[in-house]
DNA sequence: GGCCGGACATGATACGTATAACTTCCGGCG
DNA sequence: CGCCGGAAGTTATACGTATCATGTCCGGCC
């Protein structure tokens with residue numbers, strides 16, 4: 001369709017495919033100033049260097065021509081890209097999709113972009129997961145669940161913000177946490193108040209801080225409650241795995257637990273299925289709790305009692321911490337509060 | 001040997017923050033060749049231009065020094081960024097998260113990156129949604145559901161691949177479709193075979209090709225089946241909305257439908273809740289079908305009969321089409337097959 | 001012997017931007 | 001009067017890469 005009719009430069013032929021690009025030099029010509037002046041004005045560094053009148057005419061020309069600074073050129077010159085990498089274990093998890101949304105929104109306000117790295121299991125094992133992309137990143141935000149990716153990141157020399165990780169981990173420039181332990185304690189208190197004494201914990205079979213934290217907090221809470229038992233059953237993070245783990249927990253030689261605490265709503269959904277397959281009812285015979293408060297939590301019946309995690313805010317806080325770190329500030333470690341949402345999947349312990 | 005190694009340039013100070021970056025010139029010095037030779041070798045354009053021995057030593061030097069080409073410089077020179085934009089209506093939807101995964105994987109194989117634009121509702125209304133980012137994109141893949149974003153894209157002069165859109169839409173360089181109509185026909189055939197005659201269609205209240213297609217295919221299928229009725233009830237894409245719409249469909253003045261076809265699994269989950277709240281059973285009194293086959297489909301009970309959409313493959317096909325378009329090929333419109341997955345939420349029509 | 005062509009190699013740009021360094025113009029002050 | 005200092009601009013670079021233009025050295029062929 002469109003033909004190239006632009007005058008050819010003598011050497012090279014880098015030209016852009018589509019319409020001719022508008023450069024800062026074009027704006028300068030239109031406004032009757034030098035290219036440097038355009039850069040100063042649009043970069044808002046013109047006070048005392050360019051008269052207000054010329055500044056305005058530069059802005060007008062830029063607007064009229066539809067000028068967009070070339071980001072590659074800017075990055076080359078400044079050495080920064082205004083782009084952050086978000087490393088998550090698997091994007092298909094609604095939780096991390098929401099984290100991404102929050103991070104993207106905050107980034108946009110600061111003129112930053114976000115690229116996503118859904119961790120090896122989603123992408124396939126690359127010898128160097130970040131490759132040249134490393135040259136186009138200013139910093140990284142990583143979930144502590146993406147363990148393998150973290151190893152590759154180590155030594156990249158990029159500012160790193162960790163999500164839900166040990167605050168003492170010195171690989172990170174900053175850490176943002178959810179009050180996971182607090183959430184777990186709320187779950188424990190809720191079940192104790194309902195009279196439950198024998199508890200199963202369907203614990204995520206993933207080596208990461210956030211799940212270890214759930215385990216520790218629950219262990220502490222029930223250790224402090226006389227006459228209670230807490231049995232840990234590992235599980236993968238899927239409906240099917242939750243079903244299998246719950247079946248194990250409910251059919252062991254020990255007295256059957258009256259409540260199952262699940263590390264994830266998806267697991268909890270599977271657990272509810274297991275309860276019913278054994279001819280029992282939720283919550284009359286067995287109470288079930290989840291974690292995350294995904295859309296799933298209100299899609300199943302009964303609706304899940306679960307811990308609501310502020311996912312978008314979590315991503316936003318991570319991005320803010322990264323932006324602070326890039327500005328040279330040492331951001332304080334933050335912990336975001338979480339809330340127990342009581343719904344139909346929990347009830348009084350059976351007599 | 002080497003000639004000039006000025007200690008410090010007098011002007012500018014763009015240097016990189018972290019460790020000193022390795023450039024192609026450093027590699028050239030280490031390998032005892034010119035910078036041009038390095039570029040040729042690593043760009044795999046050296047045959048007949050560089051001896052095999054020198055090529056190997058260049059590669060060795062690059063490896064030893066941990067050289068990574070600077071993408072900003074490369075983009076500036078070539079005018080391409082090897083980056084595509086994926087525009088989706090809302091990432092929190094598991095379906096689009098999976099589309100993203102597929103697209104990212106295919107892109108990575110071609111050395112491309114993917115950035116995500118989760119459409120205004122997720123980001124907030126920006127006057128120019130893409131801003132300068134436009135200068136850093138080679139092409140766009142957009143869901144037809146992201147209507148507002150498409151308007152902003154129009155005229156950007158970027159190659160555009162549309163997902164699930166009218167093949168005749170001339171805004172797109174290529175279109176990749178799912179066989180949505182085929183899926184809808186399979187649902188219709190399944191329900192007809194089970195003896196259902198009064199059907200409700202909980203139709204997504206979203207103005208996009210893919211949902212219009214569902215409506216058309218269903219209308220055609222039931223129009224061709226004598227003695228059947230199809231009633232359309234609009235709904236938003238959420239559990240709560242599905243519950244409300246299903247309640248409307250089941251409590252109207254007309255004879256109650258015996259089956260509800262839902263445009264999305266999330267809606268179907270809500271519909272199942274509605275059925276039970278009315279004191280009815282799924283599937284004995286009312287059959288329910290979904291669309292997408294999300295994790296949700298097997299989390300609820302009974303598990304949903306639904307149309308499985310190959311989401312990852314869909315994203316991958318979109319990316320392939322874009323890569324073809326960027327290579328100057330006119331990619332043929334593709335339609336990916338879908339499958340009906342029969343589960344417990346459908347059964348014989350009540351007598 | 002002169003010349004041609006292919007292999008090998010280097011030099012020299014230019015992409016578009018941000019900013020240091022320089023120039024000019026004035027008003028004010030010693 | 002001479003000089004200083006700040007405002008208002010411009011000029012000149014350099015970021016790192018890809019590629020065109022040049023150049024040299026051969027062996028082979030007339």
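The values are calculated or read from the model by the stated rules, or taken from the named source; none is laboratory data. It should be emphasised that the depicted structure is a prediction, and the values quoted were computed from it without experimental measurement. Cβ: placed from backbone, ideal geometry, glycine included. Neighbour counts: every protein chain shown.
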query: Out of the residues in the stretch B:28-46 that are more than 13 Å from residue B:67 (Cβ to Cβ) and near DNA strand C (Cβ under 7 Å from one of its atoms), which is nearest to the other protein chains (Cβ to nearest Cβ)?
result: B:36
- prompt: What number of residues within the stretch A:307-331 satisfy the criterion of being in contact (Cβ under 8 Å) with a residue 12 or more places away in the chain and assigned to a loop (DSSP other than H, G, I, E, B)?
  reply: 4
message: If a residue must be crowded, with 16+ Cβ neighbours inside 10 Å and under 29 Å from residue B:74 (Cβ atoms), how many such residues does the stretch A:42-74 contain?
response: 10
- request: Sort out which residues of the stretch A:272-302 are within 9 Å of chain B (Cβ to nearest Cβ) and closer than 22 Å to residue A:251 by Cβ, and write them in order of number.
  value: A:272, A:273, A:276, A:300
field: Residues located in the stretch B:284-306, provided they are under 16 Å from residue B:242 (Cβ atoms) and either out of contact with any helix residue (DSSP H, G or I) (no Cβ under 9 Å at 6 or more places or on another chain) or not in a loop (DSSP other than H, G, I, E, B) (or both)
entry: B:287, B:288, B:289, B:292, B:296, B:297, B:299, B:305, B:306
task: Mind listing whichever residues of the stretch B:226-249 are within 14 Å of chain A (Cβ to nearest Cβ) and not in a helix (DSSP H, G or I)?
output: B:236, B:237, B:238
task: Answer yes or no: is there a residue in the stretch B:303-316 that is farther than 20 Å from residue B:184 by Cα and more than 10 Å from chain A (Cβ to nearest Cβ).
output: yes
field: Members of the stretch A:203-224 found to be at pLDDT below 95, over 22 Å from residue A:297 (Cβ atoms) and part of a loop (DSSP other than H, G, I, E, B), listed by number
entry: A:207
query: Just to be sure, is residue B:74 within 14 Å of chain A (Cβ to nearest Cβ), at pLDDT below 95 and away from DNA strand C (no atom under 12 Å from the Cβ)?
result: no
message: Regarding the stretch B:316-334, can at least one residue be identified that is modelled with pLDDT of 95 or more and farther than 19 Å from residue B:86 by Cβ?
response: no
message: Based on this model, can you work out whether residue B:106 counts as more than 15 Å from DNA strand C (Cβ to nearest atom) and more than 10 Å from every other protein chain (Cβ to nearest Cβ)?
response: yes
message: Filter the stretch A:81-103 down to the residues that are in contact (Cβ under 8 Å) with a residue 60 or more places away in the chain and within 16 Å of DNA strand C (Cβ to nearest atom) and list them by number.
response: none
- prompt: So residue B:63 fits all but one of (1) in contact with a helix residue (DSSP H, G or I) (Cβ under 9 Å, 6 or more places away or on another chain); (2) more than 16 Å from DNA strand C (Cβ to nearest atom); what number is the exception?
  reply: (1)
- prompt: Looking at residue A:97, is it assigned to a helix (DSSP H, G or I), within 31 Å of the chain's Cα centre (by Cα), within 30 Å of residue B:103 (Cβ to Cβ) and at pLDDT below 90?
  reply: yes
task: Would you check which residues across the stretch A:109-120 are part of a helix (DSSP H, G or I) and at the interface with chain B (Cβ under 10 Å from one of its Cβ atoms) and list them?
output: A:109
field: Every residue from the stretch A:8-27 that is more than 19 Å from residue A:68 (Cα to Cα) and either modelled with pLDDT of 50 or more or more than 6 Å from DNA strand C (Cβ to nearest atom) (or both)
entry: A:8, A:13
